[in-house]
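Below you'll find the structure, written out as structure tokens, and then a few comments.
The values are calculated or read from the model by the stated rules, or taken from the named source; none is laboratory data. Please read all numbers here as calculations on a predicted model, not as lab measurements. Note that each Cβ is placed from the backbone with ideal geometry, even for glycine, and that neighbours are counted across all protein chains shown.
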């Protein structure tokens with residue numbers, strides 16, 4: 001935050017303040033101190049909100065708001081752990097399918113739970129879900 005203030009980057013500073021406000025609000029509301037996993041889930045929620053907003057603004061033809069949300073998304077994503085590569089994610093899914101013994105789409109919940117435990121914050125769970133569904137429904 002101090003670096004953003006010193007460099008005069010008002011947009012980045014605003015996003016950092018928004019993140020800190022979200023953390024403080026959750027800590028006060030729940031009367032807890034957030035640990036790393038809770039902080040990670042809060043940042044993931046912010047990323048998801050930004051992506052949803054971008055999609056809505058694009059469909060509404062609001063390029064100015066799309067640019068603003070995209071910039072905010074980039075700042076929030078900078079505080080998340082490095083994303084898994086497609087090959088690493090595929091290996092994780094294959095391992096989870098083998099470990100759970102999943103064979104049909106009905107077993108998708110077990111596989112998702114196993115993958116989510118290992119990939120939390122490092123992959124888009126919506127995309128992971130689609131890949132697991134594709135893998136389990138393939139003959």
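Before we move on, is residue 113 modelled with pLDDT under 90, part of a helix (DSSP H, G or I) and either touching a strand residue (DSSP E or B) at 6+ places or on another chain (Cβ under 7 Å) or not assigned by TED's automatic domain parsing to the domain that holds residue 12 (or both)?
The answer is no for residue 113.
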Any hit, region 39-47, residues being outside the structural domain of residue 117 (by TED's automatic domain parsing) and over 22 Å from residue 129 (Cα atoms): yes
One residue from 74, 87, 21 being closer than 28 Å to residue 135 by Cα and part of a helix (DSSP H, G or I): 87
Residue tally, condition over 20 Å from residue 1 (Cβ atoms) and loosely packed, with under 10 Cβ neighbours inside 10 Å, over region 16-39: 3
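To keep it simple, each residue is scored yes or no on (1) in contact with a helix residue (DSSP H, G or I) (Cβ under 8 Å, 6 or more places away or on another chain); (2) modelled with pLDDT of 95 or more.
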site: 8; (1), (2): no, no
site: 13; (1), (2): yes, yes
site: 16; (1), (2): yes, yes
site: 66; (1), (2): yes, yes
site: 75; (1), (2): yes, yes
site: 81; (1), (2): yes, no
site: 87; (1), (2): no, no
site: 93; (1), (2): yes, no
site: 96; (1), (2): yes, no
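Which members of region 97-110 meet the condition of being in a helix (DSSP H, G or I) and without any contact (Cβ under 8 Å) to a residue 24 or more places away in the chain?
Once the filter is applied, which keeps residues that are in a helix (DSSP H, G or I) and without any contact (Cβ under 8 Å) to a residue 24 or more places away in the chain, region 97-110 yields 98, 99, 100, 106, 109, 110.
Listed residues 29, 52; which is over 16 Å from the mean Cα position of the chain (by Cα) and part of a helix (DSSP H, G or I)? It would help to see each step written out before you state the result.
Numbers: 52 fails: over 16 Å from the mean Cα position of the chain (by Cα).
Every option except 29 fails the conditions.
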